[in-house]
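Student: What follows is a structure written as structure tokens; I'll ask about it next.
Nothing in this text is a laboratory measurement; each read-out follows from the coordinates by a stated rule. The structure displayed is predicted, hence computed values, not measured ones. Note that we place each Cβ from the backbone using ideal geometry, even for glycine, and neighbour counts take in every protein chain shown.
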Amino acid sequence: MQSKVVVNTSSVGELKTACDAGLKEFLKERGYEEMHTHTDVKLVLGYLGIIFCAVDFAYSWKYPFSQTKWFSYISVSVYAVTSALALIYSYVVQRDTFFVGYNKAKGHIVSAGARTERNEPTYRLTLTTRPIRGRQDPPVYNSKPLEMKQPFAAWFHDDGEFARQKFNSDIDTAIEALFTKKTE
């Protein structure tokens, strides 16, 4: 049995987070396995910066600062560059995407991104799909995004309880529309 989700209906951030989690859960129940590519890229960049700083720390521990300051300049610069690259990756590549999952049986990948506008209680969901790379037999789906806009009041009761069945029904309809959408 799924747990009851109750959020503060005055907080658009909490409402969006609950819907994002509900969509992830819905897609996982439908056989989609989450891909962690975005997280992996940011982790590699972060670890790379940390490794340079750790080597600098170890080097500075053994030798005086006057001998190691050149390496400190390099390690701080590498850390700054890798942090900046992770930030740029988040804003340029990942953007609003919070779920990328694949279903081997169906032969496609689904990406979900969501956003809200400040002080406007509306959930804007963008769904895209594409065939799994390397598959010769998948059905060809349109990768043109499907955009769905729904007020949070449709999925939350007055007391803040998440109406999971209504949400799942609306998302199921949106996903079906995504797969039947014709290329223009």
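Student: Determine the calculated [θ] at 222 nm for the chain from helices alone, applying -39500 (n - 2.57) to every DSSP H run no shorter than 4 residues and normalising by the residue count; nearest 500 deg cm²/dmol.
Tutor: On the way: 4 runs with 86 residues, N = 184.
Mean residue ellipticity, 222 nm, calculated: -16500 deg cm²/dmol.
Student: What residue among Thr9, Gly49, Thr97 has its Cα farthest toward the positive end of the dipole of the chain, where the charges are +1 on Lys, Arg and -1 on Asp, Glu, each on the Cβ?
Tutor: Toward the positive end, the furthest listed residue is Gly49.
Student: Over all Cα pairs of the stretch 1-148, how is the pair count split among 10 Å bins, expressed in % and running from 0 up to the last occupied bin?
Tutor: Going from the shortest bin to the longest, the percentages are 10, 26, 26, 19, 13, 6, 0.
Student: Magnitude of the Cβ-charge dipole of the chain, K/R +1 and D/E -1, about the Cα centre, nearest 20 debye? Each step should come with its number before you reach the end.
Tutor: Working: 23 positive and 20 negative charges, 122 e Å.
I would put it at about 580 debye.
Student: Evaluate E = 1/(1 + (r/R0)^6) for Phe179 and Glu34, where r is the Cβ-Cβ distance and R0 equals 30 Å; express this FRET efficiency to the nearest 0.05.
Tutor: Result of the calculation: an efficiency of 0.95.
Student: Now, a different point. Length gain on complete extension for the stretch Ala154 to Trp61, per 0.36 nm per residue less the alpha carbon to alpha carbon distance?
Tutor: 27.6 nm
Student: Using just the alpha carbons, could you tell me how many Å³ per residue the convex hull of the stretch 32-105 encloses?
Tutor: It is 83 Å³ per residue.
Student: When you count, for each residue, the other Cβ atoms within 10 Å and take the mean per peptide, how do 24-30, 98-104 rank with the highest first?
Tutor: 98-104, 24-30
Student: Mind checking which lysines have their Cα closer than 27 Å to the Cα of Lys28? Skip sequence neighbours fewer than 8 apart in that chain.
Tutor: Lys4, Lys16, Lys42, Lys104, Lys106, Lys144, Lys149, Lys166, Lys181, Lys182
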